[in-house]
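The values are calculated or read from the model by the stated rules, or taken from the named source; none is laboratory data. This one's a predicted model, so the numbers in the text were calculated from it and none came from an experiment. Don't worry about glycine lacking a Cβ; one is built from the backbone with ideal geometry, like all the others, and counts go over all protein chains shown.
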Amino acid sequence: MQPGGYARPVVVVPVEPQRQRPDLGGGFIEFLFGDRGPQPQSVAPLVQQSPAQPPVAIYANSDPSSQTYVDPGPVRRAMDPRFLPQEVEYHSKEAAGTIVIDTPNHFLYLVEADGKARRYGVGVGRPGFTWSGEHTVTAKREWPEWRPPDEMLQRQPYLPHVMEGGPNNPLGARALYLGSTLYRIHGSNEPWTIGQNVSSGCIRMRNEDVIDLYGRVKVGTKVIVM
C-alpha cells in the first residue's frame, strides 16, 4: 500500500487475440503446418493438452471496475491409464490373432486364445471420418513414408506430397496397411491424442504400442473395424 491507503497501480498488458487459423485436422500436421512457429516439445509421453482454462480476472487497482482478463493458457492432464496396453477378458467368436477395433470406445483388441485379448488404446477418425468394415493386413512397414491422399491434398493443399519416414512423420514408427484402402493402423508421436477422435480415418497408436502389435501380427491378419 502507498501512503494514504491506496493500492500501488499495476500495469496490465493487453493480450492480443489469436488469429483465426485454418482447421488442419489437429495433431502433428496442425503443429507442423499451422501459423504458429516451432515451440518447445516438453510434453511427457503420457500427457495430453486439455482445453484452455477460463480467463482469470486481474485488478489494476482496488477499484473492482478496473478488472481485466488474461488467458492462462492450456493445462496438462495425464492420459487415462485404461488406454495403456493390458491383458483383458474378451470372449469372441473370432479366431486368435484377429484384430478387432472398437471405434466408439477407442480400443484395439488382438484376440488371444481362452477368452483373452491384448487391448490397446487408439485414436480414431474425427466426426465425419469414422468408418467400419472388415479387411486384412496387406502390408507392414517400419518407419513408413507418408503420402497424403488426393482427397486430403484437396482439403489441405499446403501439405507436402511426400514425407520421409522418421520420428517427425505422422505415421510414426510402424504401419499396418488395411486391404486396398487408404487406411492404416499406425504409430504416432502424439501419445496425448490416444483415446480421442482425431484422425482422417486411420487408427493411431502410441509408437511403443504399434511396435508391440507389429511384432505380433502377420500380413493376412483379419481386421474388423466396428
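Using the structure shown, decide if residue 181 is at pLDDT 95 or above and either touching a helix residue (DSSP H, G or I) at 6+ places or on another chain (Cβ under 7 Å) or polar (S, T, N, Q) (or both). It is false that residue 181 is at pLDDT 95 or above and either touching a helix residue (DSSP H, G or I) at 6+ places or on another chain (Cβ under 7 Å) or polar (S, T, N, Q) (or both).
Within the stretch 109-128, the residues that satisfy the criterion of being within 15 Å of residue 199 (Cα to Cα) and surrounded by 14 or more Cβ atoms within 10 Å (Cβ to Cβ) are 121, 122, 123, 124, 125, 126. Say whether the condition of being out of contact with any Asp or Glu (no Cβ under 8 Å at 6 or more places or on another chain), assigned by TED's automatic domain parsing to the domain that holds residue 98, buried (at least 20 other Cβ atoms within 10 Å of the Cβ) and over 14 Å from residue 210 (Cβ atoms) is met by at least one residue in the stretch 165-175. No - not one qualifying residue is present in the stretch 165-175. Somewhere in the stretch 148-165, is a residue aliphatic (A, V, I, L, M) and either in a strand (DSSP E or B) or modelled with pLDDT of 95 or more (or both)? Yes.
Within the stretch 94-145, track down each residue that is of a type in the set (S, T, N, Q) and in contact (Cβ under 8 Å) with a residue 40 or more places away in the chain. Before the answer, list the steps.
Start the filter on the stretch 94-145 by keeping residues that are of a type in the set (S, T, N, Q), which leaves 98, 103, 105, 130, 132, 136, 138.
Across the stretch 94-145, the qualifying residues are 98, 103, 130, 132, 136, 138.
Taken over the stretch 192-224, residues that are closer than 11 Å to residue 124 by Cβ and either part of a helix (DSSP H, G or I) or outside the structural domain of residue 169 (by TED's automatic domain parsing) (or both) amount to 1. Does any residue of the stretch 179-191 turn out to be under 21 Å from residue 83 (Cβ atoms), assigned to a helix (DSSP H, G or I) and in contact (Cβ under 8 Å) with a residue 12 or more places away in the chain? Looking through the stretch 179-191, at least one residue is under 21 Å from residue 83 (Cβ atoms), assigned to a helix (DSSP H, G or I) and in contact (Cβ under 8 Å) with a residue 12 or more places away in the chain.
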